Each structure stands twice: as C-alpha cells, then as structure tokens.
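Enquirer: Pasting a structure below so you can have a look.
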Amino acid sequence: MTEEELTAFASWLRQTQGVEMEPAALREPAGAVVRLGAQVGAAAQDLPFGAEPSGFNIAIAKLAGGDNDAG
Amino acid sequence: MLDDALAALSLTELAAAIATKEVSSLEATRNCVARLERYGPALNSVAALDAEAALDAARAADTELAAGRARGPLHGVPLAHKDMYYRAGRPSACGSKILADFVPEVTATALTRLDRAGALDIARLNMVEFALGTTGHNEITGAVRNPWNPAHVTGGSSSGPGASVAARLVYGALGSDTGASIRLPAAACGLVGIKTTFGRVSRFGALPLSFSLDTVGPLARTVADAALILQAIAGHDPADPTTSTVPVPDYLAGLEDGVRGLRIATPENYFYDPVDSEIAALTRASLEVYASLGAEIVPVEIPASLAHANGMTMLIIAVEGAAFHGRWLETRRGDYGRQTLGRLLPGLVHPARRYIEALSFRRQVIEELGAAVFERADVLHTPLWPFPVPTIAESDVAANPGFNELISATGHCTRPVNYTGLPGVSVPAGFTGNGLPAGFQLVGRPFDEARLLRAARAYERETGWSSQAPTL
C-alpha cells in the first residue's frame, strides 16, 4: 500500500471502528487483509450457489455418520 | 524437599496410587507446589500459585477418601490450567495486561467437571496473550521457556501448560486450541495433546478467541493421562449451545487394542510441502512404526481445497477475535502486545463478504477431505511443527514485517484441522538434532477421539517417548 492509501486506511479505521492508529503501523495489518482477502476471494469462486456457514454442521454430521452432529 | 520419583509418576499412576492410599493427595500436591515454586519462575510458566489453598484442597481430598468418599477417577490429583479458564471469584488474566484484574463471576464447565472428577486445580499457568499466537512469546508476561532447553520456545498459545506438564510441575493441564494452541506446545514439549472435535467439550467459561473454531482439550504426559482428562470434560453442556449431544465413549476401554488392521492415511501433498527434511524424516519414521505394528498405510491425495484452510482460518480468527476485542481496541489498544494487536486489527477491516465466504467454504473442504481420506482410511497421519522447535530469540518476530508469514507457516499442518472441526492428537515422536522434542499429528473423523487415542497409544507403547523427561 502507498503512504496515501495507508493514511486513507487509518482515517477509515478511525471513522468506522473508532480505532486510532498511525498509518505506518497499519502496513502489516493492511498487507494481511489484502493477502488473505485475495486468497479467500479466489477460493470462494468455486463455492456452490447458496453456500452458507451452517453447511459446516451438515458436513460434520455426515462425516461423523449416524445421528452425530456438531451442535 | 523435592521427590523426583513422585513427580515422575504419570497422572494415571498417581490417581491409582491415591485411590489405593499408597500416596496421599497432600504428598503429591506438596511436591507439585515445591516444584512450581522452584522451577516455575525460571520457566516463566506459572501465572499464579496459591500454595496454602492447594494444600488445603489436598487435605480435604485425603479426608474425603479416608471417609470412603472418592469423588471420581482424578480424586486428589493436582492439575493446573491455562490462565483462561474462569473460576468464580479467582482472577483470570488470560496472559494480558487488559484483564490483569479481571475476576470472573462464573466457573468454566471444564473446570467444574474436573472438580467433579476429584482433580485439584492448584495454579494458573501462563499463556500467549489472549491465546493468540503459536510460538509462546508474550510481550506482556514474557516468553515461557521450554524445559528441554530454556533458550527455546514452548510453542503456543498453551505455553505454560506445555512447560509445566513437561517439567513435571503438575500432572496434566487444560489448554485451548483454535489453530494449533494445544498441539504445537504439546509437540514442542514432548507431550500428548488433544485438539477435540468442535463441540465435544464445552467452552463455557473459557476466554473466547474465535467462536467458530475454539476447542478445549488436555496436555498430558501420556496418552492414557490425556484420555483420563478428556473423559472427565467431554460431553454436552446446556451452557454452551455448540456442544454436541453425541454420546461420549469410554476413551480408556480400547486404549491397548493396538493398530493391527487400522488404515492410516499418509498425505502425498500439502502437509509435507513446507516441512523441514529432519521433521519429514522423523514423521515418516513414525509411519514405519505403525506399519510394523500391522497398520495398513494408505497414501492419499489431499484435495486442493484444503490448501485454502490455513488462510481462511487466520481470517476467521482475526474477524471473530476483533469482534470480541473491539471495545478494548477502541479504548486500550496501547495495552496490547504488538503481535496481538497486529493480528486483531485486520479483523476490523476484512470485508464481511470474505468472512462469510471463509465460513461457507468449510462444508466443501470437509466433504472433499472426507471423500479423499476418510472413505479410504480411519486416521490421517501428518507432520506437526514444520521445522525444529526454534529458539526464543530467532522466532521473536513481534509485529516486525513478515510476522504473519511465520505465524502462517507454523500452523500449516494444524489450522486445517480446526477449520474442518476434526479431532487431532499430537503424539511425541522423539527429538530433532537440536535436542528438542518433535511430534506428529493424527487426525480423525468427527467425535472419533477414541480411535486416535488408541493409535497414539500403540505408538507410545512401542517407542516409549512419553517416558522421557527433561533434566531441570
């Protein structure tokens, strides 16, 4: 991220989350957001239509077999 | 006066000795207190110890036993736990400055169940700040030192439990595991650690990090010890709606049944990709032991979707962690260690869409892993730490550039297990050239901890690594 982007990022963080951070201190967190976000976004291209978080419980119950479930 | 022979007993052996009155709870607890006082400070593994309360509890346990009232299978056995399990009226600092004066009003269900089984809870053990870290560093309370070599890390975040149980200061401990936090310290300290199936053990009264991923489990010296603790804490809890109603089996019943005919999957891809050659050789050697014991080794190809699990887990932890910490991030951000802050901040920023996608992707990964591995095998065998246990100095990355890469690499083999909700056991497997312990991981189907423990026990019985103890 450029210095300008980090400054904008710090401003957004202050306005939306109430967290004050020096722009320079956000370089590593911002990098993590971009890197992980890109990874998740790319993988999610393959998500079937209608996929949602509760599918976890269905998958766990199925793999466990029988009436087992995760919650 | 320290009694090394008494300290060397396993939890299982001590519980039996107390039950038959060969050893009193007071003798065992007095010895633990003396060891905690003597070795705890150098290892930096103890957050708090109330010696008088511990000895009083031991006396009470002996009195009960003398009157014919054994509470349960852990009667009078001194344990201590990661300082994130709340006990009403007792502080729980959770490795932080922010909660230094926090006194919870509730008691964790896991502690209540251990109380019911008769165990004594004699100390609070240090941990990584807010359970968010894999190496064992803590900028607030200091790094916990590995009893095998105090220049090295213990792994985290259950750093104090790892060091304290390995150093024979107590007979077992509860840790927590959101991405690696029981299995890494267990492996680095030469212990057995169980990351339980999501929903197997109640998280009520335990500090949350990620409500989608957090699990509770034991670190112990032997497989039987770990099974004994798990037996006491597993099962549905109305206070934690994520706990399962799946019946809890007898984890000790089949422990000695061996692995003849057990199908053990070995991955041809993903898990070994970033692993140091020494660790890979040691892990593969443990597989040969299984083959010699009659297990069927089944090479499997790990589905490509699993490669996303590590990153998705880190994103989920960041978002859910930031939600829990949001109030303090606004008002007390200066009281966080730099790495903790650096890992929580992205959670305020990740788009909600990415978070939902990361959670939604879990079903696909579980189903594909199930088809690739668990339709062909009973257990998946993998490396654990991808490299030999590093020194405290060389892994002290704090929030320096690249720290996320180290955190990501350390959990390469463990986070997918949290992401999929499956159980995983860390099994001691000898030592690397630097003299530090190493372990491998066994992963099973949901709620199949009993089978994992049976497999772990077969290896333990054959190799005897669990009987090794560090020289303090």
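The values are calculated or read from the model by the stated rules, or taken from the named source; none is laboratory data. Quantities reported herein were computed from a predicted structural model and do not represent experimental measurements. Heads up, the Cβs are rebuilt from the backbone with ideal geometry, glycines too, and the neighbour counts pull from every protein chain shown.
Enquirer: Can you name every one of the helices (runs of 4 or more DSSP H) wholly within the range B:322-424 that holds 1 or more residues which are within 9 Å of chain A (Cβ to nearest Cβ), buried (at least 24 other Cβ atoms within 10 Å of the Cβ) and at pLDDT below 95? Talk me through it step by step, then tell me what you get.
Expert: Values: elements: B:338-349, B:352-360, B:362-369, B:403-410, B:415-420.
Qualifying helices (runs of 4 or more DSSP H): B:338-349.
Enquirer: Out of B:A28, B:A34, report the one residue that is in contact with a strand residue (DSSP E or B) (Cβ under 8 Å, 6 or more places away or on another chain) and among the aliphatic types (A, V, I, L, M).
Expert: On the way: B:A34 fails: in contact with a strand residue (DSSP E or B) (Cβ under 8 Å, 6 or more places away or on another chain).
Exactly one residue qualifies, and that residue is B:A28.
Enquirer: Oh, and also: Which numbered condition trips up B:E129, out of (1) within 28 Å of B:T313 (Cα to Cα); (2) buried (at least 24 other Cβ atoms within 10 Å of the Cβ); (3) out of contact with any Cys (no Cβ under 8 Å at 6 or more places or on another chain); (4) touching a residue at least 40 places away in the same chain (Cβ under 8 Å)?
Expert: Of (1) within 28 Å of B:T313 (Cα to Cα); (2) buried (at least 24 other Cβ atoms within 10 Å of the Cβ); (3) out of contact with any Cys (no Cβ under 8 Å at 6 or more places or on another chain); (4) touching a residue at least 40 places away in the same chain (Cβ under 8 Å), only one is false for B:E129: (3).
Enquirer: Right, B:C94: in contact (Cβ under 8 Å) with a residue 40 or more places away in the chain, assigned to a loop (DSSP other than H, G, I, E, B) and buried (at least 21 other Cβ atoms within 10 Å of the Cβ) or not?
Expert: Values: in contact (Cβ under 8 Å) with a residue 40 or more places away in the chain: yes; assigned to a loop (DSSP other than H, G, I, E, B): yes; buried (at least 21 other Cβ atoms within 10 Å of the Cβ): yes.
Considered against the rule, which asks whether it is in contact (Cβ under 8 Å) with a residue 40 or more places away in the chain, assigned to a loop (DSSP other than H, G, I, E, B) and buried (at least 21 other Cβ atoms within 10 Å of the Cβ), B:C94 comes out as yes.
Enquirer: Tell me which of these B:D115 doesn't satisfy, since it passes every other one: (1) surrounded by 24 or more Cβ atoms within 10 Å (Cβ to Cβ); (2) over 12 Å from the mean Cα position of the chain (by Cα).
Expert: Result: B:D115 passes all but (1).
Enquirer: Kindly evaluate B:S286 against the criterion of being buried (at least 19 other Cβ atoms within 10 Å of the Cβ) and more than 26 Å from B:P437 (Cα to Cα). Can you show your working first?
Expert: On the way: buried (at least 19 other Cβ atoms within 10 Å of the Cβ): yes; more than 26 Å from B:P437 (Cα to Cα): no.
Considered against the rule, which asks whether it is buried (at least 19 other Cβ atoms within 10 Å of the Cβ) and more than 26 Å from B:P437 (Cα to Cα), B:S286 comes out as no.
Enquirer: Can I ask one more? Could you tell me which numbered condition B:K195 fails, if it satisfies all but one of (1) out of contact with any Cys (no Cβ under 8 Å at 6 or more places or on another chain); (2) crowded, with 24+ Cβ neighbours inside 10 Å; (3) more than 28 Å from B:P383 (Cβ to Cβ)?
Expert: Single failed check for B:K195: (3).
Enquirer: Would you check if there is a residue in the range A:24-40 being in contact with a Leu (Cβ under 9 Å, 6 or more places away or on another chain), loosely packed, with under 13 Cβ neighbours inside 10 Å and either in contact (Cβ under 8 Å) with a residue 40 or more places away in the chain or at negative phi (or both)?
Expert: Going residue by residue through the range A:24-40, those that are in contact with a Leu (Cβ under 9 Å, 6 or more places away or on another chain) are A:24-30, A:32-33, A:36-37, A:39-40.
Okay, now just the ones that are also loosely packed, with under 13 Cβ neighbours inside 10 Å, so A:24.
Keeping just the survivors that are either in contact (Cβ under 8 Å) with a residue 40 or more places away in the chain or at negative phi (or both) gives A:24.
Scanning the range A:24-40, I find at least one residue that is in contact with a Leu (Cβ under 9 Å, 6 or more places away or on another chain), loosely packed, with under 13 Cβ neighbours inside 10 Å and either in contact (Cβ under 8 Å) with a residue 40 or more places away in the chain or at negative phi (or both), so the answer is yes.
Enquirer: Pairs please, first residue from the range B:421-448 and farther than 23 Å from B:A253 by Cβ and among the β-branched types (V, I, T), second anywhere and at pLDDT 95 or above and part of a loop (DSSP other than H, G, I, E, B), Cβ atoms under 6 Å, 6+ apart in sequence or on different chains.
Expert: B:T432/B:P388
Enquirer: Further, regarding this structure: Which is surrounded by fewer than 21 Cβ atoms within 10 Å (Cβ to Cβ) and at negative phi, of B:A54, B:A70, B:A110, B:A61? Reasoning before the result, please.
Expert: Working: B:A54 fails: surrounded by fewer than 21 Cβ atoms within 10 Å (Cβ to Cβ); B:A110 fails: surrounded by fewer than 21 Cβ atoms within 10 Å (Cβ to Cβ); B:A61 fails: surrounded by fewer than 21 Cβ atoms within 10 Å (Cβ to Cβ).
Only one candidate qualifies: B:A70.
Enquirer: Still on this model: Could you list all residues from the range A:26-62 that are hydrophobic (A, V, I, L, M, F, W, C), at the interface with chain B (Cβ under 7 Å from one of its Cβ atoms) and not in a helix (DSSP H, G or I)?
Expert: Passing the criteria: A:L47, A:A51.
Enquirer: Still on this structure, I have one more. Condition (residue is modelled with pLDDT of 95 or more, in contact with a His (Cβ under 8 Å, 6 or more places away or on another chain) and in a strand (DSSP E or B)) applied to the range B:181-200: is it met by at least one residue? Even if it seems obvious, please write down each step before you answer.
Expert: Narrowing the range B:181-200 to residues modelled with pLDDT of 95 or more: B:181-200.
Next, from what is left, pick out any that are in contact with a His (Cβ under 8 Å, 6 or more places away or on another chain): B:188.
Narrowing further to those that are in a strand (DSSP E or B): none.
Looking through the range B:181-200, none of the residues is modelled with pLDDT of 95 or more, in contact with a His (Cβ under 8 Å, 6 or more places away or on another chain) and in a strand (DSSP E or B).
Enquirer: Only one of (1) within 14 Å of the chain's Cα centre (by Cα); (2) small (G, A, S); (3) closer than 23 Å to B:G321 by Cα is not met by B:S210, so which one is it?
Expert: Here B:S210 meets the rest and fails (1).
Enquirer: A further question follows. Within the range B:367-419, can you find the residues that are touching a residue at least 12 places away in the same chain (Cβ under 8 Å) and either at positive phi or among the hydroxyl-bearing types (S, T, Y) (or both)?
Expert: Scanning the range B:367-419 gives B:T382, B:T391, B:S395, B:A398, B:S408, B:T410, B:T414, B:Y419.
Enquirer: Just to be sure I understand, how many residues within the range B:406-445 are of a type in the set (V, I, T) and over 25 Å from B:L209 (Cβ atoms)?
Expert: Our first condition is that a residue be of a type in the set (V, I, T); within the range B:406-445, this holds for B:407, B:410, B:414, B:417, B:420, B:425, B:427, B:432, B:443.
Pick out the ones that are also over 25 Å from B:L209 (Cβ atoms) and you get B:432.
Residues that pass the stated criteria total 1.
Enquirer: List the pairs whose first member sits in the range B:185-202 and is among the aromatic types (F, W, Y), whose second member is outside any loop (DSSP other than H, G, I, E, B) and surrounded by 24 or more Cβ atoms within 10 Å (Cβ to Cβ), and whose Cβ atoms are under 9 Å apart, counting only residues at least 6 apart or on separate chains?
Expert: Hits for this filter: B:F198/A:I60; B:F198/B:T215; B:F198/B:N418; B:F198/B:T420.
Enquirer: Go through the range B:223-250 and give me each residue that's in a loop (DSSP other than H, G, I, E, B) and surrounded by 24 or more Cβ atoms within 10 Å (Cβ to Cβ).
Expert: First pass over the range B:223-250, keeping only residues in a loop (DSSP other than H, G, I, E, B): B:235-236, B:238-239, B:241-250.
Selection gives B:S244 alone.
Enquirer: Looking only at the range B:16-43, which residues are within 26 Å of B:I392 (Cα to Cα) and free of Cβ contacts under 8 Å to residues at least 40 places away in the same chain?
Expert: B:E37, B:R38, B:P41 - these are the residues of the range B:16-43 that are within 26 Å of B:I392 (Cα to Cα) and free of Cβ contacts under 8 Å to residues at least 40 places away in the same chain.
Enquirer: While we're on this one: State which residue is nearest to the chain's Cα centre (by Cα) when the search covers only the range A:14-44 and only residues that are within 16 Å of B:G334 (Cα to Cα) and hydrophobic (A, V, I, L, M, F, W, C).
Expert: So, considering only residues that are within 16 Å of B:G334 (Cα to Cα) and hydrophobic (A, V, I, L, M, F, W, C), the one nearest to the chain's Cα centre (by Cα) is A:L26.
Enquirer: A follow-up question, please. For B:V349, only one of the following conditions fails: (1) farther than 17 Å from B:A318 by Cβ; (2) free of Cβ contacts under 8 Å to residues at least 24 places away in the same chain; (3) among the β-branched types (V, I, T). What is its number?
Expert: Condition (1) is where B:V349 drops out.
Enquirer: Out of the range A:11-25, which residues are within 11 Å of another protein chain (Cβ to nearest Cβ), in a helix (DSSP H, G or I) and not hydroxyl-bearing (S, T, Y)?
Expert: A:W12, A:L13, A:R14, A:Q17, A:A25 - these are the residues of the range A:11-25 that are within 11 Å of another protein chain (Cβ to nearest Cβ), in a helix (DSSP H, G or I) and not hydroxyl-bearing (S, T, Y).
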